[in-house]
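The values are calculated or read from the model by the stated rules, or taken from the named source; none is laboratory data. Every value quoted in this text rests on a predicted model; they were computed, and no experiment measured them. Please note: Cβ atoms are built from the backbone with ideal geometry, for glycine as well, and neighbour counts cover all protein chains shown. These area figures cover heavy atoms from the full protein model, side chains too; ligands, DNA and RNA do not enter into them. Shrake-Rupley method; radii C 1.70, N 1.55, O 1.52, S 1.80 Å.
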Amino acid sequence: MRQAITLLNQHDYQLIVTTGFPLRKGSFLSEFSTQAEVAAATLRELGIKQDKIVSVPTPVVRTDRTFASALALKSWLSQSNMAINSLDVVSLGPHARRTQWLFQIAVGDKIKVGVIAATPEDYDADDWWTWSSGVRAVVSEAVAYLYARFVFTPRDEEISQLSPAA
């Protein structure tokens, strides 16, 4: 979150939108019910003004969670009549490239999706292969990226959300 705040302060972003799923652990002990709400509250605690933050919860899905977050964002953009021509997605390390690809599919060609890869905190990204957590992250994301690029196809209900009328 601190990296996202640094970017927000360094560039002329109009808004920071958080996405995320319902909390599975600890939700009965928390005032927040989704990861999107936790992220938004964290940003507020770190000094971002409320009027710069929008929380967009993602519905529960069993697969293709990143794409579901992208569709939730697209739906919010459509409902809010937000006319944008570009957005940047902040995602953690090796997950960033796949995130960019899936968000681009979801929002369509009229909006350019950039990506900012946040630095992982549990391993050194410069020598990720020397950390077990780095190897797990990079290898699993490489496989997931290949899946997203060459195997992933949105389901029928998702395809209807991709249409220009949506």
Suppose we filter Arg44, Arg24, Arg97 for residues that are of a type in the set (D, E, K, R), open to solvent by 50 Å² or more (accessible area, probe 1.4 Å) and closer than 18 Å to Ala144 by Cβ; which single one remains? Arg97
Only one of (1) touching a strand residue (DSSP E or B) at 6+ places or on another chain (Cβ under 9 Å); (2) within 22 Å of Arg97 (Cα to Cα); (3) among the polar types (S, T, N, Q) does not apply to Thr6, and that is (1)
Could you go through the range 98-108 and let me know if any residue there is among the β-branched types (Val, Ile, Thr), closer than 25 Å to Leu23 by Cα and at pLDDT 95 or above. yes
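Can you name every residue in the range 34-58 that is part of a loop (DSSP other than H, G, I, E, B) and free of Cβ contacts under 8 Å to residues at least 24 places away in the same chain?
Scanning the range 34-58 gives a single hit, Lys49.
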